[in-house]
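S.K.: Sharing a structure with you now.
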Amino acid sequence: DAGVIQSPRHEVTEMGQEVTLRCKPISGHNSLFWYRQTMMRGLELLIYFNNNVPIDDSGMPEDRFSAKMPNASFSTLKIQPSEPRDSAVYFCASSFRIEGLPKNIQYFGAGTRLSVL
Amino acid sequence: KQEVTQIPAALSVPEGENLVLNCSFTDSAIYNLQWFRQDPGKGLTSLLLIQSSQREQTSGRLNASLDKSSGRSTLYIAASQPGDSATYLCAVSGGYSTLTFGKGTMLLVSP
């Protein structure tokens with residue numbers, strides 16, 4: 001398997017523009033996570049899906065952020081409008097969650113480095 | 001709210017040294033603890049996962065311990081090599097899926 005695939009790897013945009021980040025999880029995985037990493041705050045969970053359904057979006061910073069998972073093999077994280085403080089590395093991760101079992105190794109993509117000017 | 005702290009923030013050692021990275025967490029009600037490695041410009045790679053009922057896990061030159069009652073974990077790296085240079089992240093799971101990460105320890109092993 002190619003692992004978790006994220007695109008684009010780098011994105012530079014201007015303040016106010018819409019940004020869409022994409023993620024393809026590992027085939028067969030049923031949980032997907034979006035994280036944001038900054039120097040100040042480290043890695044923070046934004047949202048996670050189980051079986052394509054959003055379970056916890058309490059980490060989404062504000063209404064400008066939205067995430068979708070239309071099917072088991074694709075997810076998007078959208079920022080509209082983007083602001084300079086959104087500049088960070090955004091990671092997608094996937095895992096196979098077995099109900100009743102706590103063990104859940106998450107596999108991370110290489111990330112998208114977003115710069116909002 | 002769970003908080004995870006890693007000490008030191010950065011560490012530089014000569015090749016061959018044994019070293020210990022520390023991780024502490026505020027809420028001992030965890031399901032498991034994981035250690036990850038992150039190389040510059042890359043994603044995270046899971047190194048070791050310790051279930052809350054376990055005390056330690058070993059993989060090659062790596063040994064991770066967990067003391068849930070005191071909210072602490074250590075990652076021991078034996079006979080360090082330049083290829084071990086990376087950022088090491090500790091993360092705890094308070095539920096079946098969500099992880100709370102520390103900010104990491106940046107390790108540099110010089111030849």
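The values are calculated or read from the model by the stated rules, or taken from the named source; none is laboratory data. Computed from a predicted model, the values in this text were never measured in an experiment. Glycine gets a Cβ as well: all are built from the backbone with ideal geometry, and neighbour counts include every protein chain shown. Remember, those area values only see protein heavy atoms, side chains included, never the ligands or the DNA or RNA. Shrake-Rupley method; radii C 1.70, N 1.55, O 1.52, S 1.80 Å.
S.K.: What are the residues in the range A:48-101 that are hydrophobic (A, V, I, L, M, F, W, C), in a strand (DSSP E or B) and within 10 Å of chain B (Cβ to nearest Cβ), if any?
M.R.: Answer for the range A:48-101, where residues must be hydrophobic (A, V, I, L, M, F, W, C), in a strand (DSSP E or B) and within 10 Å of chain B (Cβ to nearest Cβ): A:Phe49, A:Ile55, A:Val89, A:Phe91, A:Cys92, A:Ala93.
S.K.: Give me a count of the residues in the range B:42-61 that are open to solvent by 50 Å² or more (accessible area, probe 1.4 Å) and within 12 Å of another protein chain (Cβ to nearest Cβ).
M.R.: Number of matching residues: 5.
S.K.: Sticking with this structure for a sec: With (1) outside any strand (DSSP E or B); (2) surrounded by 17 or more Cβ atoms within 10 Å (Cβ to Cβ) as the list, and B:Tyr88 as the residue in question, which single condition is left unmet?
M.R.: Exception for B:Tyr88: condition (1).
S.K.: Conditions first: (1) within 14 Å of the chain's Cα centre (by Cα); (2) among the hydrophobic types (A, V, I, L, M, F, W, C); (3) surrounded by fewer than 19 Cβ atoms within 10 Å (Cβ to Cβ). B:Ala64 passes all but one, so which condition is the exception?
M.R.: (3)
S.K.: Scan the range A:45-73 for residues that are open to solvent by 50 Å² or more (accessible area, probe 1.4 Å) and in contact (Cβ under 8 Å) with a residue 40 or more places away in the chain and jot them down.
M.R.: A:Ala72, A:Ser73 - these are the residues of the range A:45-73 that are open to solvent by 50 Å² or more (accessible area, probe 1.4 Å) and in contact (Cβ under 8 Å) with a residue 40 or more places away in the chain.
S.K.: Check the range A:23-44 and report whether any residue there is assigned to a loop (DSSP other than H, G, I, E, B), surrounded by 13 or more Cβ atoms within 10 Å (Cβ to Cβ) and without any contact (Cβ under 8 Å) to a residue 12 or more places away in the chain.
M.R.: So in the range A:23-44, the residues assigned to a loop (DSSP other than H, G, I, E, B) come out as A:25-30, A:39-41.
If we keep only those that are surrounded by 13 or more Cβ atoms within 10 Å (Cβ to Cβ) as well, we get A:25-26, A:29-30.
Of the ones still in play, those that are also without any contact (Cβ under 8 Å) to a residue 12 or more places away in the chain are none.
No, the range A:23-44 contains no residue that is assigned to a loop (DSSP other than H, G, I, E, B), surrounded by 13 or more Cβ atoms within 10 Å (Cβ to Cβ) and without any contact (Cβ under 8 Å) to a residue 12 or more places away in the chain.
S.K.: Do you know which of the residues in the range B:1-36 that are of a type in the set (Val, Ile, Thr) and not in a strand (DSSP E or B) is surrounded by the fewest Cβ atoms within 10 Å (Cβ to Cβ)?
M.R.: In this case the residue turns out to be B:Thr26.
S.K.: Hey, another quick one. If A:Arg113 satisfies every condition in (1) closer than 25 Å to B:Lys42 by Cα; (2) without any contact (Cβ under 8 Å) to a residue 24 or more places away in the chain; (3) of a type in the set (Lys, Arg) but one, which is the exception?
M.R.: (2)
S.K.: Quick one: which residue in B:Thr74, B:Thr45 is within 15 Å of the chain's Cα centre (by Cα) and modelled with pLDDT under 95?
M.R.: The unique qualifying residue is B:Thr45.
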